[in-house]
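> Mind having a look at this structure? Questions to follow.
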Number of protein chains: 2
Amino acid sequence: MKYINFENDFLPAKDEFFMQEALKEANLAYEADEIPIGAVIVANGRIIGRGHNLTERLNDVTAHAEMQAFTAATNFLGAKYLVNCTLYVTLEPCVMCAGASYWTQISRIVFGAYDPQRGFKRLQSSVLHPKTVCIGGVLDNQCSQLIKNFFIKKRKS
Amino acid sequence: MKYINFENDFLPAKDEFFMQEALKEANLAYEADEIPIGAVIVANGRIIGRGHNLTERLNDVTAHAEMQAFTAATNFLGAKYLVNCTLYVTLEPCVMCAGASYWTQISRIVFGAYDPQRGFKRLQSSVLHPKTVCIGGVLDNQCSQLIKNFFIKKRKS
């Protein structure tokens, strides 16, 4: 766990800091030959849950980074909801993960790369909880480049 | 596990039979004071995964009946996808579960009661995998009555 004493919870620098942490998770996935997507959940400047894509290792197509992080964070808190928490995730959440975020009532979502194919934003109706704020494009290039590299590597192998 | 030798995979009577099995799961949830929603996954007339809502017991708002059943079925098959499988679930899946079903590539979804508030069908864009067929309203009354009874009991207690 990391404790970061930022005075303002909504500084862009803070978002980039935690997106770097999500990228570390994405890199773990990359090294494990999983599609490289990573996530962290932050409450009061502290990472309370981490996760990366484990669909291959768990043989479970629903084992997305966000789902791992949601479960880790609620386990850590012993609470049902993730109110006052922020999800940082390197790729725009899919519909499943956006739908899961609704049930967690998470207060804020910050994602890196956009996913026009499977990202939830392509839906016309809002999927998120009405209290959830969502920001996209934080470290967009780094987040998407890692995924591109993964598929370039895959095509070569 | 149950083996049912139906000659036609798509007989309405078969759908009602397996919805009864999903209702048994929903009743297990009801008895455990969970919101009573149940699911089974069927392949070749055989139930290969079961699940009921466990959000309270697991303190996990994403622990929906369908998510349990998806994981159980893929574990049983040792396969990644649920092609040629049918999900029977007593309530119209939410956006998360519909989004999860996309990743499983499940071939068919049959649900009982409609959920106009949180069901995925309220979305204008399709969330399901393009190969997934979806049928609603099987044992609608029984499925919704169990949920109504649960909340009536809750309000009285």
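> Being among the hydrophobic types (A, V, I, L, M, F, W, C), open to solvent by 10 Å² or more (accessible area, probe 1.4 Å) and at pLDDT below 90 is the filter here; which residues of the range A:88-130 pass it?
Hits for the range A:88-130 are A:PHE120, A:LEU123, A:LEU128.
> On the basis of being closer than 28 Å to A:ASN75 by Cβ and in contact with a Pro (Cβ under 6 Å, 6 or more places away or on another chain), does B:GLU66 make the cut?
Yes: the conditions hold for B:GLU66.
> Across the range A:14-57, what is the number of residues that are of a type in the set (Asp, Glu) and assigned to a loop (DSSP other than H, G, I, E, B)?
Adding up the residues that qualify gives 3.
> Any idea how many residues of the range B:71-129 are part of a strand (DSSP E or B) and of a type in the set (Gly, Ala, Ser)?
3
> I'm told B:ASP60 meets every condition in (1) closer than 19 Å to A:ALA63 by Cα; (2) surrounded by 24 or more Cβ atoms within 10 Å (Cβ to Cβ); (3) at pLDDT below 95 except one. Can you identify the failing condition by its number?
Among (1) closer than 19 Å to A:ALA63 by Cα; (2) surrounded by 24 or more Cβ atoms within 10 Å (Cβ to Cβ); (3) at pLDDT below 95, B:ASP60 violates only (2).
> Does B:ARG46 qualify as being surrounded by fewer than 21 Cβ atoms within 10 Å (Cβ to Cβ), of a type in the set (Lys, Arg), under 22 Å from A:MET96 (Cα atoms) and in contact (Cβ under 8 Å) with a residue 24 or more places away in the chain?
The answer is no for B:ARG46.
To keep it simple, each residue is scored yes or no on (1) within 10 Å of chain A (Cβ to nearest Cβ); (2) touching a residue at least 24 places away in the same chain (Cβ under 8 Å); (3) touching a Gly at 6+ places or on another chain (Cβ under 9 Å).
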position: B:LEU58; (1), (2), (3): yes, no, no
position: B:MET67; (1), (2), (3): yes, yes, yes
position: B:PHE76; (1), (2), (3): no, yes, yes
position: B:LEU91; (1), (2), (3): no, yes, yes
position: B:VAL95; (1), (2), (3): yes, yes, yes
position: B:SER101; (1), (2), (3): yes, yes, no
position: B:VAL110; (1), (2), (3): no, yes, yes
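The values are calculated or read from the model by the stated rules, or taken from the named source; none is laboratory data. The model shown is predicted, which means the values in this text are computed figures rather than measured ones. Every residue, glycine among them, receives a Cβ derived from its backbone with ideal geometry; neighbour counts consider all protein chains shown. Surface areas here come from the heavy atoms of the whole protein model, side chains and all, with no ligands, DNA or RNA. Shrake-Rupley method; radii C 1.70, N 1.55, O 1.52, S 1.80 Å.
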